[in-house]
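In what follows, a single structure is set out as structure tokens and then discussed.
The values are calculated or read from the model by the stated rules, or taken from the named source; none is laboratory data. Just so you know, these numbers come straight off a predicted model, no measurement behind them. Ideal geometry is used to build each Cβ from the backbone, glycine not excepted, and the neighbour counts take in all protein chains shown. All accessible areas refer to the heavy atoms of the entire protein, side chains included, with ligands and DNA or RNA removed. Shrake-Rupley method; radii C 1.70, N 1.55, O 1.52, S 1.80 Å.
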Amino acid sequence: MKVSAKWLSKYLDIGISEEELCEIVTSIGLEVEGIEHVGTARQKTLVVGEIKEIRQHPNADKLSVCMVGVGPNDVRQIVCGAKNFKLNDHVPVALPGTTLPGDFKISKSNLRGVDSDGMMCSGKELGLGEDHSGLLILERNTPIGTCLHDAIDVTWDTIFDLSLTANRGDCLSHIGIARDLAAKLNVALKLFQTHGVEISEGERPPGHFLKKISIETDHCGCYAAICIENIKIGDSPDWMKRDLAAVGVRSINNAVDIGNWVMMETGQPVHIFDAKKIRGNQLTIRQAKDGEIIISLDGQKRVLNGDMVVICDVERPLVVAGITGSIDAEVDDNTTDILIESAYFNPDNIRRSAKTLNISTESSHRFSRNIDKANIANYGVRVANLITEICGGEIVVACWKVDNLKEKTIVINFQPSLIEELCGFAIPLEIAENILIKLGFLIEKLNAENWKITVPSHRPDITCAPDIVSECLRIYGTDKIPTTSAKYTGIQHESDRSAVFCQNVSHYLSDRGFFESYNFALRSGNEMENLFGKNTALAMRNPFNADQNCYRNSLIPGLLDAVKFNIQNGNSDIKFFETGHVVLRINEKFNECLAIGCVMPMKPLERSWQLVEAAGFYDVKALILPILKNFSQRLAQFNPMKISNIWQPEHAACCGFLSREKFQATCGFLNVNLTRAFDIKQYVLAAEIVIHPTVFARKPEKVSHKPFSQFPRISKDLSLMVKLDEPVANVEGKVMKAAQKSISNDIFIESTKVFDVYQGKEIPSGTKNIGLTINYRSHGRTLVDSEIQAAFNAMQLEVEKSYEIRKQS
């Protein structure tokens, strides 16, 4: 956004230097990216001259030799190529030593054999516009030898190029910048007053060349129109052309320039139609039709789609709403009747449409950031007032508005004490009140401790009390924050249990051939909904783009992105892991949890002469068990996954619950449909551990150590017939429980291990055979076979309550 310091001075008395103004603009949160200068600086050598004699150059047909008076008894010989002057004309003269815009320095010269002691100037050479067809002719009553700046307005202007954040759409205007500066400098803000135009509402304005306005889309909240007839199209006033040129806007004609000037003044884009080109005297704001075509003002053919909004007459679209007009209703030299449009369009729709059409205009830039909804019609009246003043004409249809906006005024209950509470120091309340009033806030003091503050319509980004505190501090000045000694307790990396845990996990997985991956924490909301269901992901209010609008529920999709990328680039090592955070809904509340995820192919991608055994569920389970034992010595059993969009049913298992054990571990094969969606043809094994933050806040479990037994163990084998769908871990757990129940105090069960799982012809349908070894040992003596056999028999009686015993030894 380019801002002219001279233009700003129309609305407030700045009264400070260029350097100070630059510092202040930056201090109130409006970053200055660059500064440039236009116009001509005041110089003693830039004066008013009078042409006293004109003769033909002896050696050049297109040059003249002039004698120019530039002061009492001071006549200079100047060679000139212009033709638009005559004897006794008063013109600007740059004497030797003058520096003109563009760092053009004037010195004595010799042109085709004739000496020239200076230069007579055009308007362009003085930085007063683009006209360089001839000299700038001055009024004849301007005193000869007078400094040019005292005769005409060639004031040096400073242009600030500002970088604005997306929430400050109000500062895409000179009035918006001036409002902030007036609050900072504590000076009065001088605003224009509209006059002579009544604002009315309804679809049917009172006749003439506009009979009806229809809004047939939800993307247009308000549309105001004013009709003026018998205007005269011509050049804009010099002051307006200078203002527009200063901020990089090309002058077209007086009517169009007024619309652009008001947009740069107020931030409200307006469009001006040639009213006689509106067929049927009716305007309809509707969705475009797929394939509909419009020829934009730059002469380009634009193909529209159904998401875009157009303003059309009874036959054709005339404008792509908020973005660009068309040549079909363009104001030209023959225009006499015009229609002024001032409207509000949905910012998201404008942003999408401009991106699709690959068009970026001053209008679309402002509409996509929210405009001042309360003053849409008022700014249209501002355009009408300037047009009747500059172009002539008569208003035949006053401002007629169709308003579908359902905006509620934002009212905030505010406690002034919150300023000191949030800032850490006190801002005098009278100063805070004055700042808010100058920024346009309305304050109703309910009592000393409570204010009711109405937010102005140009600041829809202010929604809560802390925002108001931020505004007070921004204008009051962060440089006034008192210096204090900061005291804080530092936390070393080694003191953070979660950081140490992640570091240990990284080392553990790296040692086993995994590569660490770092992925974005934001994912597509559609992806999260497809994988986990509706309302399971934490969505952002103002996402940067639609592909990253939700916080991830899992690390697995990001890791699959890494697998896909590496496969496409011919890399065979695709064992990846990541440690990071996920956000999950637990008991109807979102919780940020630590997560560890890893992925690996079932078989190596590279061919080898050696036979490499394929990995499976138990490999990835064995991989994560040591990780789980870092924070839980007593693990719950793994249960097969039945239904999942991420994990392959019956080929993956889950252990623990976040709501109960405060951790959840899942491992096994990824769902084939998921890997195919990522264009991965191989079977992929994965594991993910999610840990609630409270796990690291509680005291670690005490681990007790006992010496190894020096006495031999006795092993017993057991063969059980169980149902086919019975988890082996479940069987192993029941056997361990029965074995511990059957032994004396000086004996312990060292382990129970499954050594065989079989199903075949000898086994009844729907069942399987499981072989287990139970290892008995004592710390204090050598065990006797008879006592272990007795304990083993007692254990079998307990086990028989649940399973059929086929064989024992």
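See the values below:
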{"quantity": "Per-residue SASA entry for residue 417, accessible area with 1.4 Å probe, Å² rounded to 10", "calculated": "80 Å²"}
{"quantity": "Area of residue 464 that stays accessible when all protein chains are in place (1.4 Å probe, Å², to 10)", "calculated": "50 Å²"}
{"quantity": "Ordering of 331-338, 776-783 by burial proxy (mean other Cβ atoms within 10 Å per residue, highest first)", "calculated": "331-338, 776-783"}
{"quantity": "Mean Cα-pair separation over length for region 273-421, i.e. relative contact order, pairs under 8 Å, 6 or more apart, %", "calculated": "19 percent"}
{"quantity": "For region 438-446, 3J(HN,Hα) per residue [Karplus equation, 6.51 cos²θ - 1.76 cosθ + 1.60, θ = phi - 60°, Hz, x = Gly/Pro]", "calculated": "5, 7, x, 6, 9, 10, 10, 7, 6"}
{"quantity": "Top positive-direction residue, dipole computed over the chain with Cβ charges, set 784, 415, 347", "calculated": "784"}
{"quantity": "Using alpha-carbon coordinates, inclination of helix 617-628 to the longest axis of the chain, degrees", "calculated": "80 degrees"}
{"quantity": "Largest-first ordering by accessible area, 1.4 Å probe, given options 713, 459", "calculated": "713, 459"}
{"quantity": "For residue 290, solvent-accessible area (1.4 Å; no DNA, RNA or ligand), Å²", "calculated": "120 Å²"}
{"quantity": "Heavy-atom surface of the chain, accessible at 1.4 Å and reported per residue (Å²)", "calculated": "52 Å²"}
{"quantity": "Length-normalised contact order of the chain in % [C-alpha pairs under 8 Å, at least 6 apart]", "calculated": "8 percent"}
{"quantity": "With Cα atoms, 0 to 90° folded angle of helix 556-568 axis to the chain main axis", "calculated": "80 degrees"}
{"quantity": "Counting DSSP beta bridges with both ends in the chain, the antiparallel % (nearest 5)", "calculated": "95 percent"}
{"quantity": "Among 189-195, 63-69, 499-505, the order from most to least packed when residues are scored by Cβ within 10 Å on average", "calculated": "63-69, 499-505, 189-195"}
{"quantity": "Contact order normalised by residue count of region 334-477, Cα under 8 Å, 6+ apart, percent", "calculated": "22 percent"}
{"quantity": "Anisotropy class of region 38-142 from Cα gyration tensor, a/c 1.5 cut", "calculated": "rounded"}
{"quantity": "Listed peptides 477-485, 742-750, 344-352 by packing density, highest first (mean Cβ within 10 Å)", "calculated": "344-352, 742-750, 477-485"}
{"quantity": "Cα gyration tensor category, rounded, prolate or oblate, for region 159-205 with a/c compared to 1.5", "calculated": "oblate"}
{"quantity": "Cα gyration tensor shape for region 680-809, rounded if a/c is under 1.5, else prolate or oblate", "calculated": "oblate"}
{"quantity": "Principal-axis tilt of helix 785-799 within the chain, Cα atoms, nearest 10 degrees", "calculated": "60 degrees"}
{"quantity": "Amide H contacts of residue 331 (H built 1.01 Å from N, under 5 Å, at least 5 apart or other chain)", "calculated": "274"}
{"quantity": "Links that overshoot a 18 Å alpha carbon limit, given the list 629/662; 212/276; 10/373; 575/681", "calculated": "10/373"}
{"quantity": "5 angstrom amide H check on residue 751, placed H, neighbours 5+ away", "calculated": "775"}
{"quantity": "Protein-only accessible surface order, largest first, of 433, 529, 762, 31 at 1.4 Å", "calculated": "762, 31, 529, 433"}
